[in-house]
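Trainee: My questions all concern the structure below.
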Amino acid sequence: MNARNPHAYAGPALVSGASSELGLLLCTALLESGCRVFGLARSAAGLERLRAKGIAGALLREPETAPELCATLAGAYPRYFADLGHSRFESLVGGAAPARIMEWAAQDIGLRARLLRAVTRAMLTMRAGRCLFVSSAAALHPAPGQAYYAAAKLAGESLFKSVGLELASRGITACSLRLGFIETGRGREFLKNRAARAAALMPAKKLLQADETIQSMLFLLSDAAWGINAATVTMDGGFSAAKPEIREI
Amino acid sequence: MRTDQTLSVVCALIAGIFECPPETLNARTRLMTDLPCESIDLLELGAGLNRAFRIDVDDELVFLRSLRVHAERFRHDGLEAGLAAEYPHLSRERIRELAEGLALADAAPLLRIGDIAAYAAHALEQGRA
């Protein structure tokens, strides 16, 4: 808890996709709030980024070991779980090679399901936990080439929703946060030559800032947000609520 | 860990889930008929076994979820031998009892606390091997 984050956390937070731009920002904000953080990265370079920020972490290899690793390196089983993990695979539906499709399913759906299973089983032994899945507005409105990305995000939302339904009676709740345009990660690449046009189409005429999304994540991950359970929150400045004709970009 | 110690830990886990005194539970207690056990309780128990014994828990196996499927498979082809192969953690006597129970038309769910303790003891033994 600090001036920028009024929320308190009763145990360690496990963050997957921790080495992404948003992941690093979230981990840092949690650490500044006094929360112990254990980050998971998918590459050695990602793990190095975590270490450079002073964040305890490990490579995501066998998801089933993640809770024990968290207990070893952050002092306890994860009490909070934020999932920002995602591969960079994008393709037109018909443009993906069969083997790549199988790899996508294993990485962007299977691995997430295994990690969520392992983390929530650990949470069950404490009868307490809060899970947040960081999704994308593209889950509902994919641009051409985002079908696999969107399908994986929808699968993730569905898994987290079911966790919230199945385990709420055991003190474990979950929700998803769909983010709109942000100038981080793949969003930065997309907005490279489109930022001004995208901002003009936003109801508030400005793009969301990464720090604003972190503030929302800090709240949604906290116990105070338990009532936002088995639900998906959209944070896109109202962009997706506008009529389709003014959403052309 | 001795078998009676394993049983004692399992009873304590189950007592915690159902908020009942551990001394009211024993190896013969039937999970689905003597206790108000639902699928989420088994999930919590599986997670608890994993943590308490530091063992990988196969929910399908420990809770005999496919018992009737296996019974159908082996109905005409050595039921007891088939069940013994599927459930190596159960004693011969317990396998025989399960086979007899499956023969009853209105057989209630057969899982007992002793089956779960046997699974944990077997997993610990395998881990030592």
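Trainee: Once Rh is set to the Kirkwood radius over Cα pairs, what Stokes-Einstein translational diffusion coefficient, in µm²/s, holds for region B:3-128 at a temperature of 20 °C and a viscosity of 1.002 mPa s?
Mentor: 144 µm²/s
Trainee: Can you list the residues in region A:98-128 whose accessible area drops by at least 50 Å² when all protein chains are present, compared with the chain alone? Use a 1.4 Å probe, heavy atoms only.
Mentor: Buried by the other chains: A:ARG121, A:LEU124, A:THR125, A:ARG127.
Trainee: Right, something else. Would you give the gap between the C-alpha center of region B:83-97 and the C-alpha center of region A:82-96, rounded to a whole Å?
Mentor: 46 Å
Trainee: How would A:THR232, B:THR29 rank on accessible area, largest to smallest, probe 1.4 Å?
Mentor: Heavy-atom accessible area, descending, gives A:THR232, B:THR29.
Trainee: A further question on this structure: Given C-alpha coordinates of region A:13-234, what is the ratio Rg to Rh with the Kirkwood estimate of Rh? Walk me through the intermediate numbers first.
Mentor: On the way: Rg = 16.8 Å, Rh = 17.6 Å.
Result for region A:13-234 is an Rg/Rh of 0.95.
Trainee: Same structure, new question: With a cap of 14 neighbouring Cβ atoms within 10 Å, and only residues DSSP puts in a loop, list the trypsin sites (Lys or Arg not before Pro) found in region A:86-166.
Mentor: Listed in order of number, the matching sites are A:ARG88, A:ARG127.
Trainee: Here's something else I'd like to know. Using +1 at the C-beta of Lys and Arg and -1 at the C-beta of Asp and Glu, which of A:LEU22, A:LEU132, A:LEU50 has the Cα lying farthest in the positive direction of the dipole of region A:13-234?
Mentor: Final value for the positive-end residue is A:LEU22.
Trainee: Please return the longest range in chain B lying between exposed loop sites, taking trypsin sites (Lys or Arg not before Pro), DSSP loop only, at most 10 other beta-carbon atoms within 10 Å, and leaving the sites out.
Mentor: Segment B:29-129 is the longest.
Trainee: Something else now. Can you give me the orientation-averaged projected area of the convex hull built on the Cα atoms of the protein assembly as shown, in nm²?
Mentor: Details: hull surface 93.4 nm².
Directional mean of the projected Cα hull area for the protein assembly as shown stands at 23.4 nm².
Trainee: In addition: Just need log10 I(q)/I(0) for region A:188-248 at q = 0.12, 0.22, 0.25 Å⁻¹, Debye formula, equal scatterers on the alpha-carbon atoms, no solvent, rounded to two decimals.
Mentor: For the requested q values the scattering log ratios are -0.40, -0.96, -1.07.
Trainee: In units of 2.2 N^0.38 Å, what is the alpha-carbon radius of gyration of region A:114-162? Could the numbers behind the result be given before it?
Mentor: Details: Rg = 13.3 Å, N = 49, 2.2 N^0.38 = 9.7 Å.
Region A:114-162 yields a ratio of 1.38.
Trainee: Now a separate question. Taking only the Cα atoms of region A:1-135, how large is their convex hull per residue, in Å³? Intermediate results must be reported in sequence, preceding the final value.
Mentor: Values: hull volume 14.7 nm³, N = 135.
Cα convex hull per residue, to the nearest whole number: 109 Å³.
Trainee: Determine the share of region A:52-137's accessible area contributed by carbon and sulfur atoms, expressed in whole percent, with a 1.4 angstrom probe.
Mentor: 60 percent
Trainee: Here's something else I'd like to know. Calculate the dipole size of chain B relative to its Cα centre from +1 charges on Lys and Arg beta carbons and -1 charges on Asp and Glu beta carbons; express the result in debye to the nearest 20.
Mentor: It comes to approximately 320 debye.
Trainee: Compute the Rg to Rh ratio over region A:104-199 from the alpha carbon atoms, using the Kirkwood formula for Rh, and round to two decimal places.
Mentor: Working: Rg = 15.6 Å, Rh = 14.6 Å.
Rg divided by Rh gives 1.07.
Trainee: Using the charge dipole of the protein assembly as shown (Lys, Arg: +1 at Cβ; Asp, Glu: -1 at Cβ; taken about the Cα centre), state which of A:ALA96, A:LEU207, A:GLY110 has its Cα farthest towards the positive end.
Mentor: Of the candidates, A:LEU207 comes out farthest on the positive side.
Trainee: Under a 1.4 angstrom probe, counting protein chains only, how are A:TRP226, A:TRP104 ranked by accessible area, largest first?
Mentor: These residues rank, largest area first, as A:TRP226, A:TRP104.
The values are calculated or read from the model by the stated rules, or taken from the named source; none is laboratory data. What you are looking at is a predicted structure, and each value in this text was computed from that prediction instead of being measured. With ideal geometry, Cβ positions are generated from the backbone for all residues, glycine too; neighbour counts draw on all protein chains shown. SASA here: full protein model, heavy atoms, side chains in, ligands and nucleic acids out. Shrake-Rupley method; radii C 1.70, N 1.55, O 1.52, S 1.80 Å.
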